[in-house]
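What follows is a set of notes on a single structure, which appears directly below.
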Amino acid sequence: MNWTDVLAFARGPLFQVALLVFIAGMAYRLVRVIFLGWQVDKVPARGSKVGGAAISFLKGILIWPFVPWVKNTFKKNPVIYLAGGLFHLGLFVVLVLGTAHMLVWKSLLGFGWKTLPLPIVDWMAAVTIVAMITLFINRLINPVLKLITGPAEWANLAIVFVPMVTGYMMTHHLWFRYEALFSLHMLAVDVLLIWIPLSRISHFMFYFFSKAIHGADFGKRAVEP
Amino acid sequence: MESQIVLDTFIKETGGYVASQLEACTRCGMCAEACHFYQATGNPEYAPVWKIELLKRAYEQRFTLVGKAKLLLGIDKSITDTDIADFSKIVYEACTMCNKCSMVCPMGIQLGPLIHEVRSGFSEAGVVPADLMAAVEKQVEEGSPLGVTDDVYESRLEWVADEWEVELPMDVKGADTLVIFSSIEIMKFPENIAAIAKILNAAGENWTLSKKAREVVNFGFYEGNEERTIMFLQRVFDGAIELGVKKIVVTECGHAYDALRWTSYNLMDVPKGIEITHIVGLIGDYLRTGKIKLKEGAFNDGVVTFHDACKIQRRGGHIKEPREILHVLSPDAFKEMSPSHEESICCGGGGGVIAIKEADPIRYAAFGLKIDQMEKIGATTVVMSCSNCRLQFTDCVQHFNLDVKVAGLSQMVADALVE
Ligand code: HEM
Ligand code: SF4
Ligand code: SF4
């Protein structure tokens, strides 16, 4: 077996299985939580729940969760805001606005879109990698993060890190043979896809729940969320 | 096995509301920077996310495949009695349920309400700090955690009516508005009672007090015990039904307002057609509609600032009214602390913390943040609309020997009334 075979496997059957696990796993998680039941809120509102939820999402969309809307919190923990924000921004740019990934989306969805020039995407990828290393170090030294970080949290960072780094190395033809790197990249992506529904990386789905709850809870009290 | 009771309670409480928020947490630790107890002490165990750790573990181990696998592999441990004892100290002594953390959390997780669920589990298992529990039991038996029995209630009110020459209508059937004081006001700040009575009388309000509904404080709510929370709420509603009022006014007590206005409807059948409001909201309305007139600039010396209470402002929504009032009373002297409004820093004494002697050191430490805030603007008077905050401020001002006057908003309004 050579790298070409590995690549074909990682891009072909394994990728399809991983994608299936990802979709089925996330659907299971979603359904599981929804069917735990919801108490109807009978409290008469002072303000608008929907309005509150809207503001909550406006303040929290895409990279905005990393804007410290609350006074005095940024300077106490700037690393998480900056590195966390740049990491997610970079992730978005690379995965959605990079040509290579757009073509993958196109093959899956059937349509494509305009992408950013390669140097910008490449630069953002580098920023993302630096940001992830920063987050990693921060997890090692911040006392609160030390307390709440277990194997699963380390795995989250590592499993997102590998596809990012291998992807970056591919565009720069660093070290290995291209096919070897591409294979590693695809294997790492497959692992990531399977890992997401098993881990807290699924936060992007539950984000829509918690942000809506937050907005509604504040909105009904006529307080800005 | 206390841990088993806690676990069962957690699982019973875990519906979509709890689960979806537990799932959303990215373990980023940002919420720590919101908590005055963490900021003041640097103890990572006071991070809000850590306070819901057991709730999270119970959820994962019961409801998720990964949680079950982690338990089998020994990566996670099941909850033990030792855990319960440790966390009981953390969630009762180092949390005022102020919910500031939910504003900082990038996922918007309502940590305050989730910590309340944690307390519920602990209360079912009876792992509650002894001081707090003693107060709860006192309220069950005597009707008040501060020993305001029927006799004490009547004699205190008689004395207030006498001392401040104010009319205090009692058990008036057919009155529009039932006003219920907290025992903190009755025992520690009686001048507040006189002040609120003066304001209501000046506005021509058809109001009454009730012997049945004589205590608005709800220590069952602090404890997180649903049964006792309902028991104390029921006493209030019984009084309201008996007198046939249309409105219940909670006086300067924050968590009582949270329990009555924002929680009771989801716990029990609240009598229909009764509006529940807070005295600050009512005074704000009086001022807007011209039912009372205030002497402009009545308190215009020095630097006057307002402390936002977590349960009346951030979680009660009465943020504008105090400002409107203070812009009349102290047009030049009024100055905001930073941060303020819904982002305000908690006084450190709410959520039952001030009732627990063992929490004194961190309660004082947390107040340090408030001192910084006041010193930055050179405050000479700090005004508030919650008598629990006021108890904490009065105690801390004495403890730290500060040169700041602590004032209740209603009292300032009463002093500035013009006929
Ligand atoms: C709606 C979209 C999303 C939102 C609002 C969001 C928000 C957040 C926030 C607030 C954090 C915590 C801050 C930090 O530790 O940096 C975080 C962490 C993280 N996110 Fe996201 N995220 C989203 C989508 C994604 C996606 C699609 C991935 C995919 C791979 C991802 C991967 C991660 C990882 C690995 C961490 C942990 C970083 C660490 O451990 O320090 N996120 N996310
Ligand atoms: S509710 Fe307030 S006291 Fe409790 S953890 Fe959150 S910020 Fe701290
Ligand atoms: S800030 Fe929110 S998401 Fe981050 S650790 Fe705290 S609760 Fe979890």
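The values are calculated or read from the model by the stated rules, or taken from the named source; none is laboratory data. Keep in mind that what you see is a predicted model, and the values were worked out from it rather than measured. Positions of Cβ are backbone-derived with ideal geometry, glycine not excepted, and every protein chain shown enters the neighbour counts. We work out accessible area using only protein heavy atoms, side chains counted, and drop any ligands, DNA or RNA first. Shrake-Rupley method; radii C 1.70, N 1.55, O 1.52, S 1.80 Å.
Values as computed for the structure displayed
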read-out	value
GNM result for chain B, Cα springs below 10 Å: residue of B:Asn43, B:Asn218, B:Asn300 fluctuating most strongly	B:Asn43
Positive-end residue, chain A charge dipole about Cα centroid, Cβ charges, pick of A:Val40, A:His172, A:Ala152	A:Val40
Distance violations [Cα-Cα > 30 Å] among B:Lys211/B:Lys295; A:Lys146/B:Lys70; A:Lys59/B:Lys405; A:Lys71/B:Lys77; A:Lys211/B:Lys357; A:Lys42/B:Lys335	B:Lys211/B:Lys295; A:Lys59/B:Lys405; A:Lys71/B:Lys77; A:Lys211/B:Lys357; A:Lys42/B:Lys335
Convex hull (Cα only) mean projected area of segment A:45-218, reported in nm² to one decimal	12.6 nm²
Chain B: most fluctuating residue of B:Val148, B:Val397, B:Val128 per GNM, C-alpha cutoff 10 Å	B:Val397
For segment B:2-127, convex hull volume per residue from C-alpha positions, Å³	97 Å³
Karplus-derived 3J(HN,Hα), 6.51/-1.76/1.60, for each residue of segment B:380-387, Hz, glycine and proline x	10, 9, 10, 9, 8, 10, 10, 7
Other protein chain Cβ atoms within 10 Å, averaged over every residue that makes up A:21-30	1
Local electrostatic count at A:Ser183 - Lys and Arg +1, Asp and Glu -1, tallied over other residues with Cβ under 12 Å	-1
Evaluated at q = 0.17, 0.23, 0.26, 0.28 Å⁻¹: base-10 log I(q)/I(0), Debye formula over Cα of segment B:346-419	-0.64, -1.05, -1.25, -1.37
Kirkwood Rh and Cα Rg combined as Rg over Rh, evaluated for the protein assembly as shown	1.03
Size of electric dipole in segment B:1-140: Cβ of Lys, Arg +1 and of Asp, Glu -1, about Cα centre, debye, nearest 20	340 debye
Length-normalised contact order for chain B - Cα pairs under 8 Å, 6+ apart - percent	17 percent
Helix-only [θ]222 nm of chain B, DSSP H runs n ≥ 4, -39500 (n - 2.57) each, per residue, nearest 500	-15000 deg cm²/dmol
Cα-based radius of gyration of chain B once divided by 2.2 N^0.38 Å, which approximates compact folds	0.99
Environment charge at B:Gln39 (Cβ cut-off 15 Å; Lys +1, Arg +1, Asp -1, Glu -1)	+3
Computed over chain A: relative contact order in percent, which uses C-alpha pairs under 8 Å that are six or more apart	39 percent
Solvent exposure ordering (accessible area, 1.4 Å, most first) of B:Arg156, B:Arg57, A:Arg177	A:Arg177, B:Arg156, B:Arg57
In sequence order, calculated HN-Hα J values of segment B:262-275 (Karplus, 6.51, -1.76, 1.60; Hz; x Gly/Pro)	10, 10, 3, 4, 8, 9, 7, 7, 7, x, 6, x, 10, 8
Positive-end residue of B:Asn266, B:Ala32, A:Phe208, charge dipole of the protein assembly as shown with Cβ unit charges	A:Phe208
Convex hull of Cα atoms in segment B:285-339, direction-averaged projection (nm²)	4.0 nm²
Segment B:161-223: GluC sites (Glu not before Pro) in DSSP coil with no more than 13 other Cβ atoms inside 10 Å	B:Glu165, B:Glu167
Ellipsoid semi-axes in whole angstrom, largest first, where each is sqrt(5λ) of the Cα gyration tensor of segment B:183-342	29, 19, 14
Alpha carbon convex hull of segment B:291-415, volume per residue in cubic angstrom	99 Å³
Sum of side-chain charges, B:Ser3 neighbourhood, beta-carbon under 9 Å (Lys, Arg +1; Asp, Glu -1)	-3
Whichever aspartates and glutamates have a C-alpha closer than 13 Å to that of B:Lys320, once near sequence neighbours (fewer than 8 apart) are set aside	A:Glu224, B:Asp285, B:Asp308, B:Glu336, B:Glu342
Among B:Gly352, B:Gly244, B:Gly220: highest mean-square fluctuation, GNM of chain B, C-alpha pairs under 10 Å	B:Gly244
